[in-house]
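*Asks:* Dumping the structure here so I can ask a few things about it.
The values are calculated or read from the model by the stated rules, or taken from the named source; none is laboratory data. In this text the structure is predicted, and so the values were computed from the model without any measurement. Note: ideal-geometry Cβ built from the backbone for every residue, glycine included; neighbour counts use all protein chains shown.
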Amino acid sequence: MADGTQPRTIYRRARIRRARVVGLVVVISGIAGLGHQLSGSPSTASSSTTAARGPAVPGTVWPASGQAAVQLGRSRIEAGPNQHPAPIASVAKVMTAYLVLHDHPLQRGQDGPTITLTEADVFDTDLRRRQEQSVIPIADGEQLTELQALQALLLPSANNIAAVLARWDGGSERRFVSRMNATARAFGMTRTRYTDPSGYDDATVSTAGDQLRIVVRTMRLPVFARIVATASATLPVAGTVHNTNTLLGRDGFVGVKTGSDEAAGGCFAFRAIRSVRGKRTTITGVVLGQPGDDRISAGLGAADAMVARIAGESRRRPPILPGPPPSAANR
């Protein structure tokens, strides 16, 4: 009897051992898969921080020159080809505005603290004007509220006010720029380097994909979104200043910031609200390095055409309204 049952006993024990081994392999595989999901690649990690996926971006939407990136709704950021660190001109001012509003938040209806301009600010402005930078007129002793300073920074794209805000917020431009770079690193903008608060310095470089990260974050600030959706504002000495974004209010465009100079070409961080496949969709994007004699119009035109392609429009687009003279650098 014992001899008859021993093979079956050994067989049962072998089956049990095999079952345990298979179960252990399944558990290990599950743990490995979970670990892969948790660690992920940088692109996977960044996409998981957004909400529901939106419609995919077809490869035909990208401009023929330069580089671009886009986000549809709250989907993950889609970056086009040719992503590389390049000068971004006044698109850099989005980060400047973000840090100022982070440190000095404004609620609806608030003007914020008052900033008194000095003789040194006037001297700096005169120097920048001689370099044909984008500036607004100021006076020694003039007082700007935080809101007015941000309007000057973002609408006419005043480089002199970018420097004023950097010194006011950070104590010095050097310390403020250091914070710009620290913030970029914290936001995963790994191919970005800021060297000044206005973007006039060609060594301030980034990619379209990196800049879209800060644009999306900054557009969540209601005060910023309202400013960049404003066509004009009135300042104490400069008087009425106008938004360089001449697409504003046309075809669903609601912001955000132009940039242009010889090294950067035409640049534009933008947001438009359009129908995409029958659904009202927020389209946020960045175009960099667009060629053309009127660099601002080149950036605006590339974004306009890109949004039209995303919306599935094949009709001929109306001409972009002319921007400021090309000699006014870094708008």
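*Asks:* Select from region 201-230 the residues that are among the small types (Gly, Ala, Ser) and out of contact with any Pro (no Cβ under 9 Å at 6 or more places or on another chain) and list them in ascending order.
*Replies:* So the first thing to find is which residues in region 201-230 are among the small types (Gly, Ala, Ser), and the list is 203, 206, 208-209, 225, 229.
ALA208, GLY209, ALA225, ALA229, listed by residue number.
*Asks:* Going through region 157-172 one residue at a time, which ones are closer than 12 Å to SER198 by Cβ and more than 21 Å from the chain's Cα centre (by Cα)? Give the derivation first.
*Replies:* Our first condition is that a residue be closer than 12 Å to SER198 by Cβ; within region 157-172, this holds for 157-166.
Result: ASN160, VAL164.
*Asks:* Let me ask something additional. On the given criteria, is SER46 more than 30 Å from ALA158 (Cα to Cα), in contact with a Gly (Cβ under 7 Å, 6 or more places away or on another chain), among the polar types (S, T, N, Q) and at pLDDT 50 or above?
*Replies:* Working: more than 30 Å from ALA158 (Cα to Cα): yes; in contact with a Gly (Cβ under 7 Å, 6 or more places away or on another chain): yes; among the polar types (S, T, N, Q): yes; at pLDDT 50 or above: no.
No: the conditions fail for SER46.
*Asks:* Is it true that ARG317 is modelled with pLDDT under 95 and either more than 19 Å from the chain's Cα centre (by Cα) or not small (Gly, Ala, Ser) (or both)?
*Replies:* Working: modelled with pLDDT under 95: yes; either more than 19 Å from the chain's Cα centre (by Cα) or not small (Gly, Ala, Ser) (or both): yes.
For ARG317, the condition - modelled with pLDDT under 95 and either more than 19 Å from the chain's Cα centre (by Cα) or not small (Gly, Ala, Ser) (or both) - is met.
*Asks:* Quick one: which residue in GLN83, GLN71 is in a strand (DSSP E or B), modelled with pLDDT of 95 or more, surrounded by 13 or more Cβ atoms within 10 Å (Cβ to Cβ) and polar (S, T, N, Q)?
*Replies:* Within the list GLN83, GLN71, the selection yields GLN71.
*Asks:* Additional query: Contact list please: Cβ distance under 6 Å, first residue in region 177-197 and at pLDDT 95 or above, second residue among the hydrophobic types (A, V, I, L, M, F, W, C) and surrounded by fewer than 18 Cβ atoms within 10 Å (Cβ to Cβ), pairs at least six apart or on different chains.
*Replies:* That search, which allows pairs on different chains as well, returns THR195/ALA203.
*Asks:* Does at least one position in region 215-223 carry a residue that is farther than 23 Å from ASP121 by Cβ, free of Cβ contacts under 8 Å to residues at least 12 places away in the same chain and either within 13 Å of the chain's Cα centre (by Cα) or assigned to a strand (DSSP E or B) (or both)?
*Replies:* Yes, there is a match, as at least one residue in region 215-223 is farther than 23 Å from ASP121 by Cβ, free of Cβ contacts under 8 Å to residues at least 12 places away in the same chain and either within 13 Å of the chain's Cα centre (by Cα) or assigned to a strand (DSSP E or B) (or both).
*Asks:* Return the residue satisfying two criteria in turn: it lies in region 224-266 and is within 18 Å of GLY109 (Cα to Cα) and among the hydroxyl-bearing types (Ser, Thr, Tyr), and of such residues it is farthest from the chain's Cα centre (by Cα).
*Replies:* So the residue we want is THR234.
*Asks:* Next question, about the same structure. Out of VAL100, VAL94, which single residue is modelled with pLDDT of 90 or more, in contact with a strand residue (DSSP E or B) (Cβ under 8 Å, 6 or more places away or on another chain), closer than 30 Å to ALA152 by Cβ and not small (Gly, Ala, Ser)? Step through it out loud before you land on a result.
*Replies:* Details: VAL100 fails: in contact with a strand residue (DSSP E or B) (Cβ under 8 Å, 6 or more places away or on another chain).
Within the list VAL100, VAL94, the selection yields VAL94.
*Asks:* Yes or no: LEU144 touching a residue at least 24 places away in the same chain (Cβ under 8 Å) and within 17 Å of SER260 (Cβ to Cβ)? Spell out the reasoning first.
*Replies:* Details: touching a residue at least 24 places away in the same chain (Cβ under 8 Å): yes; within 17 Å of SER260 (Cβ to Cβ): no.
Criteria not met by LEU144.
*Asks:* If a residue counts only when it is among the hydroxyl-bearing types (Ser, Thr, Tyr) and touching a helix residue (DSSP H, G or I) at 6+ places or on another chain (Cβ under 7 Å), which strands (runs of 3 or more DSSP E) contained entirely in region 241-314 have at least 2 such residues? If you could, list the steps in order and put the result at the bottom.
*Replies:* Details: elements: 253-261, 265-276, 279-290.
Counting at least 2 such residues, we get 253-261.
*Asks:* Being modelled with pLDDT of 95 or more and buried (at least 22 other Cβ atoms within 10 Å of the Cβ) narrows it down to one of ASP210, ASP201, so name that one.
*Replies:* Working: ASP201 fails: buried (at least 22 other Cβ atoms within 10 Å of the Cβ).
That would be ASP210, the only listed residue that is modelled with pLDDT of 95 or more and buried (at least 22 other Cβ atoms within 10 Å of the Cβ).
*Asks:* Still on this structure: Please work out if THR114 is in contact (Cβ under 8 Å) with a residue 12 or more places away in the chain and exposed (fewer than 13 other Cβ atoms within 10 Å of the Cβ).
*Replies:* yes
*Asks:* With the condition kept exactly as written, say whether any residue in region 129-136 is acidic (Asp, Glu), in contact with a strand residue (DSSP E or B) (Cβ under 8 Å, 6 or more places away or on another chain) and buried (at least 22 other Cβ atoms within 10 Å of the Cβ).
*Replies:* no
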